[in-house]
Amino acid sequence: MKRIISLLLIVCLAAALTACSSETVLSNGETVNVKRVYQLGHVNTSSDEDQYQNFARAFADKVFELSGGEIAIDIVSDSVLGGERDMLEGMSLGTIDMALITNFSLGSFMTEWEMFDLPYIFEDRNQAYSVLDNDEIMDPIEDKLYDKWHVKVLSYGDGGFRHTLNNKRPINSSADMKGLRLRLPETAIYVDAFKAMGANPTTMAFSETFTGVEQGTVDGLELPISSIYSTGYADICEYLSLTGHFYSPFQMDISGFVWENLTDEEKGWFQEAAKAAMEEERIFVQKKEAEFIEKMEANGLKVNQVSDRESLADAASAIYEKYREEIGSELMDQVMQATGRN
């Protein structure tokens, strides 16, 4: 009798262990046999040429490798899980596992993140990386995001600098910006910066902007290079001026509800994978931007480097003091000192 019971226990234990892994169909149609699946949402396209998708894919592959095939990351693109603010709220509530969040979406949750939307705060990518990789600067605001919203930052993606497209004229100085009707996202810092540079900004839903540019409701808009290429604006705009007015970092975030249920080893896997994905995506986005500019020029888009970038930066930076109290003087001084602006 004891032998029969022992055999039954062994069979039950084997069945339980087998049940730990299950076959799951991911959003891209791929079937995996893993113990756990976490969804990672973002608002961009699932194209291999998209920097958000590249970042997500590199992270997913590394997590799968480090976990020995036990954990899969299901990448859910094209806003299927909602807009970025929806996903932030979802992570805070525990209904969304993970998401890639563009910096300007964070300002309405925590004003400290508006720091990184100030115009011309970074001269180049290396300056931006030196701040985003600086634990002394970033740890306090990352900790506050976790304490207040239960969202943990794993690493930062490079969304690129944002540049100006229009159908009126090339922009070489603040004088060329005067009166241009430019579509902007509904972000106060963006609107104030373009007003300071002399433009006539209009906030408009991105879904309505393509038609607005085609019909002349607005003269143009501003976007990162990869977005200009992937959305087709190069086909309906005449001029692309490399104004580089905003740098656009984005975060790889994970819900605290997921994070706290990972073992220490698994947390290490996720952090290692996020760092590796960040480093890979930084190289990827720079390479792709150069390719995209070359292709768009070949198709007739008139691209110009800005000859008097300083005039734009000087005009736009007039808004800094308006946002100092909102962002926090200490943080603002830290970043400006790190970028050599003090």
- Query: Is there any pair with a first residue in region 168-187 that is of a type in the set (S, T, Y) and a second that is assigned to a loop (DSSP other than H, G, I, E, B) whose Cβ atoms are under 6 Å apart and which are 6 or more apart or on different chains, and what are they?
  - Reply: S173/D308; S174/M197; S174/G198
- Item | Pick from region 287-304, criterion of a type in the set (K, R) and part of a helix (DSSP H, G or I), ranking: surrounded by the fewest Cβ atoms within 10 Å (Cβ to Cβ) | K287
- Among I189, I137, I141, which is surrounded by 21 or more Cβ atoms within 10 Å (Cβ to Cβ) and farther than 20 Å from L240 by Cα? I189
- Query: Within region 299-321, can one find any residue that is touching a residue at least 24 places away in the same chain (Cβ under 8 Å) and within 16 Å of the chain's Cα centre (by Cα)?
  - Reply: no
- Task: Tell me which residues, restricted to region 325-338, are surrounded by 13 or more Cβ atoms within 10 Å (Cβ to Cβ) and either among the basic types (K, R) or farther than 12 Å from F116 by Cα (or both).
- Result: E326, G328, D333, Q334, A338
- Message: Every residue in region 238-292 that is acidic (D, E) and in contact with a Lys or Arg (Cβ under 8 Å, 6 or more places away or on another chain), please.
- Response: E238, D253, E272
- If you take the residues of region 97-124 that are of a type in the set (A, V, I, L, M) and not in a loop (DSSP other than H, G, I, E, B), which of them is surrounded by the fewest Cβ atoms within 10 Å (Cβ to Cβ)? M115
- In region 322-335, the residues that are in contact (Cβ under 8 Å) with a residue 12 or more places away in the chain and outside any loop (DSSP other than H, G, I, E, B): K322, Y323, E326, I327, L331, M332, Q334, V335
- Query: Just checking, how many residues over region 243-278 are in a helix (DSSP H, G or I), of a type in the set (G, A, S) and within 22 Å of N44 (Cβ to Cβ)?
  - Reply: 4
- Scan region 149-202 for residues that are among the hydrophobic types (A, V, I, L, M, F, W, C), farther than 15 Å from Y120 by Cβ and under 23 Å from the mean Cα position of the chain (by Cα) and report the count. 9
- Message: Condition (residue is among the acidic types (D, E), crowded, with 17+ Cβ neighbours inside 10 Å and farther than 30 Å from Y239 by Cα) applied to region 156-173: is it met by at least one residue?
- Response: no
- Looking at (1) among the acidic types (D, E); (2) out of contact with any strand residue (DSSP E or B) (no Cβ under 6 Å at 6 or more places or on another chain); (3) under 30 Å from E291 (Cα atoms), find the lone condition where E84 falls short. (2)
- What do you reckon, is E222 out of contact with any strand residue (DSSP E or B) (no Cβ under 6 Å at 6 or more places or on another chain) and either part of a helix (DSSP H, G or I) or modelled with pLDDT of 95 or more (or both)? no
- Among residues of region 160-215 being assigned to a loop (DSSP other than H, G, I, E, B) and of a type in the set (A, V, I, L, M, F, W, C), the residue nearest to N304 (Cα to Cα) is I171
- Among the residues of region 192-223 satisfying the criterion of being polar (S, T, N, Q) and more than 18 Å from G83 (Cβ to Cβ), which is surrounded by the most Cβ atoms within 10 Å (Cβ to Cβ)? T202
- Query: Can S307 be described as under 28 Å from P201 (Cβ atoms), in a helix (DSSP H, G or I) and hydroxyl-bearing (S, T, Y)?
  - Reply: no
- Query: Given the residues G90, G94, which is the only one that is in contact with a strand residue (DSSP E or B) (Cβ under 8 Å, 6 or more places away or on another chain), at positive phi and surrounded by fewer than 24 Cβ atoms within 10 Å (Cβ to Cβ)?
  - Reply: G94
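The values are calculated or read from the model by the stated rules, or taken from the named source; none is laboratory data. What you see is a predicted model; the values in this text were computed from it and never measured. Please note: Cβ atoms are built from the backbone with ideal geometry, for glycine as well, and neighbour counts cover all protein chains shown.
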